[in-house]
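What follows draws every value from the coordinates through simple rules; no lab data is involved. Given the structure is predicted, the values throughout are model-derived calculations rather than measurements. Here Cβ is always computed from backbone atoms with ideal geometry, including for glycine, and neighbour counts include all displayed protein chains.
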């Protein structure tokens, strides 16, 4: 009987730089799901890779003094090295510079153009280079990208557009008919209410202002814009052919069972991607899961703060499986998780060294001490044994149920409940006391057998999440990984088997103070080596077109005094200000909630553009713009006078 196919993908990593631990979390999460599906008996195909085109890459390559291809080759190699270091079991690593991918993108673009889904026009709007996204004036917040908060630049160029509205209702109908299509449900509601139901704008799918992209073969001054290029990797990577000569993997594995992506790119995967597929006549993926973010404990990761965490650095401190455990176990299903050095050390000592490592060590050591390493069930039962068995078998059932719902952190909690209950079982049965009474030797043997069996089941379940640790535990117990189907029964460990004579320490306890001192020294060294002084003191930005004094004079800049400030309901970014400017009061909305608290703003003097045409943001009118500065690390500061100026004073 052939296995049922299961196709899982991650988003492909953008090759603008080295991925931090938050980026790495996704590949580890996908790996845990892929491994578990294999344990369930599926024929799994697991694809990941790199997104390598775009203006941002072109600019970074120029800064580095290399060609774009040389730049992405280096970064893609580093990304793959990290994925391999984290022991991820992907089957395909696709690069969007692969020749077969580029060929198919050209064929896809041409097909969509010839059937009328793509048309040529002109684009004039606001462009965010880091996000590779165009925005309309009504979408930006105080001149900033609504996604990343960085400044946007005016852009005007000839471009091809995809007619999104043609397929919008069909997508709405599909989502309504398939409630499992977008998960979690909160992501589905966001896409429906914020994008689909209000109406879709046509999507720009080509660019002429840069050259690092896949050329449109029938109009070579255009290159294919990032999303049509990048998203299509999910089908080109398994052998899709626009002419219909599909490869065997495409026939076998499409439609994908799961696209695993970060919540920040959910719109592209749940709106643009399905519509592209509809236009191509290709079945839609079965499910798209937008996972939350992994945040630094002391705020947003920033090179200037020295708090960016990379997987290889964490592995040097804790080891691969400890890092895998942390990122998988600490991430809630919907809400963002937090990572910090302190939390890592705490989990290392409590969960890994104590609950798991100490349990295995004690069990193997007692088996050697009392029975020369031999494990045997002599059938001397007590009620506490039944409770241990019940907890173990229920944990197996619940972990399986949680994994089917992609609740990976919850599944790991169930597995560690096996180890917690086993530790409690040791305290309840007190093997060291039983060992003092020769008449209770058979009971002692039964206790150690039950412990060995419980650990065998727990370690076998752990293989999808911490594969090296699972292998080490089972090696110490001198047994094979238990198939998932055989975990529904307790008592299959072969009697008479011998455990290893010298148990290995799985996880060593760490001294918090010592670790933090090393981290501090590492940050200091990195700051000296990696951030030259001249880079700390300034940054370059993309130059805007030159203007005359008459152009500048059209702006009216004044000092305003904040008399009231409140958070905007249903907005994660906006604050609503009442600002006194001379004898009038203006309502101005500003997307600075991430940097300033509403109750801290009252009484402050700020610089305001007062002759902007009013705009509606989040259903509220904004009558001006508060000026601020943003750097390339995502920091933002309001422009405020360094002396106490009257509200209404003109800035010139």
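Modelling each spin label as a point 7 Å along the Cα-to-Cβ direction, I'd like the residue 107/residue 468 distance in nm, to one decimal.
So the label points at residue 107 and residue 468 sit 4.2 nm apart.
Across all directions of projection, what mean area in square nanometres is found for the Cα convex hull of region 1-61? Working shown, then result.
Values: hull surface 19.3 nm².
Directional mean of the projected Cα hull area for region 1-61 stands at 4.8 nm².
Tell me whether region 549-651 comes out rounded, prolate or oblate; compute the Cα gyration tensor, take square roots of the eigenvalues as a ≥ b ≥ c, and use a/c under 1.5 as the rounded threshold.
The shape class here is rounded.
Calculate, for residue 153 and residue 475, the FRET efficiency according to 1/(1 + (r/R0)^6) with r their C-beta to C-beta distance and R0 45 Å; round to the nearest 0.05.
0.20
In degrees, nearest 10, range 0 to 90: what is the angle between the Cα axis of helix 165-177 and the longest Cα principal axis of the chain?
Helix 165-177 and the main axis of the chain meet at about 30 degrees.
Under a point spin-label approximation (7 Å from Cα along Cα-to-Cβ), what is the residue 566-residue 202 distance to one decimal in nm?
Each label point is offset 7 Å from its Cα along the Cβ direction, giving 4.1 nm.
What is the helix-to-structure angle for 21-39, meaning the angle in degrees between its Cα long axis and the longest Cα principal axis of the chain, kept from 0 to 90 and rounded to the nearest 10?
50
Given the rule -39500 (n - 2.57) for each run of at least 4 DSSP H residues, summed and divided by the residues of the chain, what is its mean residue ellipticity at 222 nm, to the nearest 500 deg cm²/dmol? If you can, show how the numbers build up before the last one.
Values: 23 runs with 257 residues, N = 652.
When only DSSP H runs of four or more count, the value is -12000 deg cm²/dmol.
Multiply the residue separation of residue 621 and residue 172 by 0.36 nm, subtract the distance between their alpha-carbon atoms, and state the gained length in nm to one decimal.
My answer for the length gained is 158.7 nm.
How do 451, 617 line up, fewest other C-beta atoms within 10 Å first?
Ascending Cβ contact count within 10 Å gives the list 617, 451.
To the nearest 0.05, how large is the calculated FRET efficiency for residue 378 and residue 594 if R₀ is 56 Å and r is the Cβ-Cβ distance?
On the way: r = 63 Å, r/R0 = 1.13.
After rounding to 0.05, the efficiency reads 0.35.
Using a Förster distance of 41 angstrom, determine the FRET efficiency expected from the C-beta separation of residue 342 and residue 209, and round it to 0.05.
0.35
Taking the 0 to 90 degree range and rounding to the nearest ten, how far is the long axis of helix 383-404 tilted relative to the main principal axis of the chain, both from C-alpha atoms?
30
At what distance in angstrom do the alpha carbon centres of region 106-133 and region 259-276 lie from each other?
Here the two parts' Cα centres lie 17 Å apart.
Considering only DSSP beta bridges where both residues belong to the chain, give the percentage that are antiparallel (nearest 5).
Values: 49 of 72 bridges.
Around 70 percent antiparallel, to the nearest 5.
Residue separation times 0.36 nm, minus the C-alpha to C-alpha distance between residue 631 and residue 85: what's the value?
Details: separation 546, 0.36 × 546 = 196.56 nm, distance 3.24 nm.
Separation in residues times 0.36 nm, less the Cα-Cα distance, equals 193.3 nm.
For the chain, just the Cα atoms, rotate onto the principal axes and tell me the three extents in Å, largest first.
Taking the Cα atoms of the chain, the three principal extents are 101, 66, 48 Å.
If you stretched the chain out fully between residue 583 and residue 424, how much longer would it get, using 0.36 nm times the residue separation minus the C-alpha to C-alpha distance? Don't jump to the answer; show the numbers that get you there.
Details: separation 159, 0.36 × 159 = 57.24 nm, distance 7.22 nm.
Contour length minus Cα-Cα distance gives 50.0 nm.
For labels at residue 248 and residue 387 in the simple 7 Å Cα→Cβ model, what's the distance in nm?
In this crude label model, residue 248 to residue 387 measures out at 5.5 nm.
What do you get for Rg/Rh over region 340-488 if you use C-alpha atoms and the Kirkwood form of Rh?
0.98
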